[in-house]
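The values are calculated or read from the model by the stated rules, or taken from the named source; none is laboratory data. Please read these numbers as outputs of a predicted model, since none were measured by experiment. Cβ placement follows ideal geometry from the backbone for every residue including glycine, while neighbour counts extend to all protein chains displayed. We work out accessible area using only protein heavy atoms, side chains counted, and drop any ligands, DNA or RNA first. Shrake-Rupley method; radii C 1.70, N 1.55, O 1.52, S 1.80 Å.
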Amino acid sequence: MALVSMNEFLPKAKEKQFAVGQFNMNNLEFAQAIVEAAMEEKSPFIYGVSEGALKYMGIEFTVAIAEAAAKKSGLPIALHLDHGSSFEVAMKCIRAGFSSVMFDGSHYSLEENIKLTKEVVKAAHAMGVSVEGELGTIGGVEDDISVDEEHASLANPEEAIRFYEETGVDCLAIAVGTAHGMYKGEPKIHFDVIKQVAGAIPVPVVLHGGSGVKDEAIRQAVLAGVGKINVNTENQVACTNAIRETLSGNASVYDPRKYLTPARSAMTAVVQEKIRLFGSSNQA
């Protein structure tokens with residue numbers, strides 16, 4: 001099966017009140033772990049790729065790995081640019097074979113964010129590619145970009161509804177109290193904001209910073225209207241912990257396959273658990 005846009009499964013997710021997971025691809029083992037879990041659960045999913053990961057893996061390798069996963073699995077898989085910083089980066093990804101892109105204009109004024117996002121939507125939709133937009137500022141650390149709590153800001157529901165109406169994005173990430181990275185305390189998610197926005201627009205709300213959020217809060221968010229949830233840090237932690245455990249247990253190990261295999265298995269377990277939690281099992 002070829003890579004698909006998120007519109008192959010997000011409308012169904014909104015209608016049936018489940019969420020599709022975006023799991024970030026950082027290397028081959030991440031890609032394999034994610035697709036193996038999705039095949040077990042018969043679930044659609046999204047490979048998220050940040051600009052930092054693109055620099056690390058190379059755009060050609062990234063697309064080839066995602067296409068191989070789609071062909072092997074037969075699942076509906078979207079290859080999605082995560083937090084794209086410009087029209088040019090989004091177009092580069094689309095030309096290379098990405099089936100979905102995010103333009104993150106959340107650091108611009110509302111007017112500028114709408115204007116820039118509209119340009120991406122117009123070009124992407126002409127090529128059958130889905131687009132995610134963002135409103136509000138999500139805290140935490142992603143790649144090397146850090147936003148502290150003081151500068152994180154909740155999305156305004158009225159502005160979010162207007163943003164959708166003027167841009168026509170296929171899903172909308174709004175800042176509702178989650179953050180990138182792992183939490184030091186329990187995040188306070190504003191379910192009322194999710195519900196107000198999701199109830200007024202025909203596309204799903206996206207929850208960024210899904211790693212470390214309690215299961216019950218995730219369930220509540222999905223019921224409130226979240227149809228896409230991003231997870232990356234939990235996989236990174238599971239991967240690194242498995243590698244540390246293997247190497248500390250046997251100093252003679254030098255073959256990367258000996259420590260990357262348990263790392264891959266640990267990530268598969270994380271993804272499988274998330275897919276079940278999000279409710280997307282058997283929805284492929």
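Here are some notes:
- The chain: relative contact order as a whole-number percent, Cα under 8 Å and 6+ apart: 23
- Calculated on the alpha-carbon coordinates, the convex hull of the range 1-120 measures out at 104 cubic angstrom per residue.
- Ranking 161, 174, 31 by how far each Cα lies toward the positive end of the dipole of the chain (charges on Cβ) leaves 31 at the top.
- Helix axis angle, 87-96 relative to the chain longest principal axis, alpha carbon, degrees: 50
- Comparing Cα centroids, the range 8-31 and the range 84-100 end up 19 angstrom apart.
- Rounded tilt (10° steps) of 233-249 against the dominant C-alpha axis of the chain: 10
- Per atom type, the chain shows carbon and sulfur on 51% of its accessible surface, probed at 1.4 Å.
- Most fluctuating residue given options 126, 19, 217, as computed from a GNM of the chain linking Cα atoms under 10 Å: 126
- Dipole of the range 16-84, positive end: most advanced residue of 75, 53, 21 [Cβ charges, Cα centre]: 75
- Only Lys, Arg (+1) and Asp, Glu (-1) charged, at Cβ; the chain dipole about Cα centre in debye: 900
- Taking a ≥ b ≥ c as the square roots of the eigenvalues of the Cα gyration tensor, the range 97-139 is classed as oblate, since a/c reaches at least 1.5 and a/b does not exceed b/c.
- Scattering curve values for the chain, log₁₀ I(q)/I(0), Debye with Cα scatterers, q = 0.08, 0.14, 0.15 Å⁻¹: -0.30, -0.95, -1.10
- Per-residue ellipticity at 222 nm computed for the chain from its helices equals -15500 deg cm²/dmol, with DSSP H segments shorter than 4 residues left out and the rest contributing -39,500 (n - 2.57).
- Between helix 110-126 and the chain there is an angle of about 70 degrees, using the helix long axis and the longest principal axis of the Cα atoms.
- Average accessible surface area per residue within the chain, 1.4 Å rolling probe, Å²: 45
- Gain on full extension, evaluated as 0.36 nm per residue between residue 154 and residue 112 minus their Cα-Cα distance, stands at 13.3 nm.
- Gaussian network model of the chain, Cα within-10 Å springs - most flexible of 163, 61, 103: 61
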